[in-house]
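The values are calculated or read from the model by the stated rules, or taken from the named source; none is laboratory data. Computed from a predicted model, the values in this text were never measured in an experiment. We work out accessible area using only protein heavy atoms, side chains counted, and drop any ligands, DNA or RNA first. Shrake-Rupley method; radii C 1.70, N 1.55, O 1.52, S 1.80 Å.
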Amino acid sequence: QNAKNLWSKTKLIKGFMSTSGKAAVSGYDEALATAGDRHSKLQHRMEKALDEQADAEKRSLEMTIEMENSMQLADLEQQKLTALENAGDDDERAVLIARHEQDKQALAEQLELDKQRQVRDLEQRLIEKKNRKLKLEQADLLAKESELLKDPATFAQADMVALEAESAVRREAEAARMAQALRSQDEADLHAVVEQRTAASTEISAEAESRLHKELRGTSSEEERERLMKEHEMRMARMEAEAAVTLGKAEDDLKARLAERRAKKEEFLAQQHALEKRALSDGADRSAVESEIEKTHQVSNIALRQEEDMA
């Protein structure tokens, strides 16, 4: 509707352009001025939509990497559990725990470096996508429209190109809304999983601390107290490892479910956009094309509002 309104004035100019050369020049100048202002607004909207998509995609990638890293750290914790069970005495267990902390720190640092590399790679791809959309695809449409405006006989074709350019911007804006909604849903689901596992782990740790204090109050022997403290340290080390393994598995399961949900939602929107593109390429008149595009837009908008409400 916005493109239609913006072009209504341009359509009226066609009548002036057939009267005289002077009027034709004036009408063409006015048409170009109207188109130029609209082109600038379209470019701004396209850039905004692409930037919003980029922000959502980067955050989604970071969450996915963090969940994958959590599973790798969980695997290391599982190795620690196995080693502790096979250790001969407390001294050997203490050495294993110290070595494990070093290994965990080294792995965490390596995973962070890998994460930064993947994010940089994505950022480069997003920059290339933005340049392609703005400087090639969209710029080509706007240049084509301006060229068609030079001849009154091709004003109708220019009108259709304008509609195509408007539709392209709207599709990117819808893609941005979907990306942002899914990112918010993913964040909420991940937060819920972490909160649940953290609460369970905190409760178990509190029970272990309470047990230790009770045992310590029940003895005055320094030797016994030292033994109880060592047992507690081993118990807490096992509990920490078990909690990390449980969280890693929960996040790994969540990652798969989020990926499946994202694929279904993005495929639905892609199908709607394919219908729009087909309507634009069918060669029907402006009214029929607008009607078909509006139908697909209404369906997409309903779906997007539902996703945003769930975010």
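Note on the range 174-238: percent of Cα-Cα distances in each 5 Å bin, starting at 0 and stopping at the bin with the largest distance, equals 3, 15, 15, 13, 10, 8, 8, 6, 6, 5, 4, 3, 2, 1, 0.
Anything over 26 Å Cα to Cα? Flag those among Lys41/Lys264; Lys41/Lys277; Lys115/Lys277; Lys130/Lys264; Lys41/Lys130, in the order listed. Lys41/Lys264; Lys115/Lys277, as the Cα separations exceed 26 Å there. Taking the longest Cα principal axis of the chain as reference, the axis of helix 222-281 is set at about 10 degrees. The GNM of the chain, with springs linking C-alpha atoms under 10 angstrom apart, assigns the highest mean-square fluctuation among Leu122, Leu50, Leu212 to Leu212. With the convex hull drawn over the C-alpha atoms of the range 129-202, the volume per residue is 64 Å³. Considering only protein heavy atoms and a probe of 1.4 Å, how much of the accessible area of the chain is carbon and sulfur, as a whole percent? Whole-percent figure for carbon plus sulfur exposure: 51.
If you build the Cα gyration tensor of the range 156-311 and take the root of 5 times each eigenvalue, what three semi-axes come out, in whole angstrom, biggest first? Mind showing how you got there, number by number?
Values: eigenvalues 766, 26, 18 Å².
The equivalent ellipsoid of the range 156-311 has semi-axes of 62, 11, 10 Å.
Per residue, the average separation of C-alpha pairs within less than 8 Å and at least 6 apart gives the range 170-311 a relative contact order of 46 percent.
For the range 176-184, putting each phi into the Karplus relation 6.51 cos²θ - 1.76 cosθ + 1.60 with θ = phi - 60° gives couplings of 5, 4, 5, 4, 5, 5, 5, 4, 5 Hz, in residue order, rounded to whole numbers and with x for Gly and Pro.
Across the chain, the mean sequence separation of Cα contacts (distance under 8 Å, 6 or more residues apart), normalised by length, yields a relative contact order of 28 percent. Calculated accessible area for the chain comes out at 57 Å² per residue, all protein chains present (probe 1.4 Å; ligands, DNA, RNA ignored). Normalised by 2.2 N^0.38 Å, where N is the number of residues, the C-alpha radius of gyration of the chain stands at 1.59.
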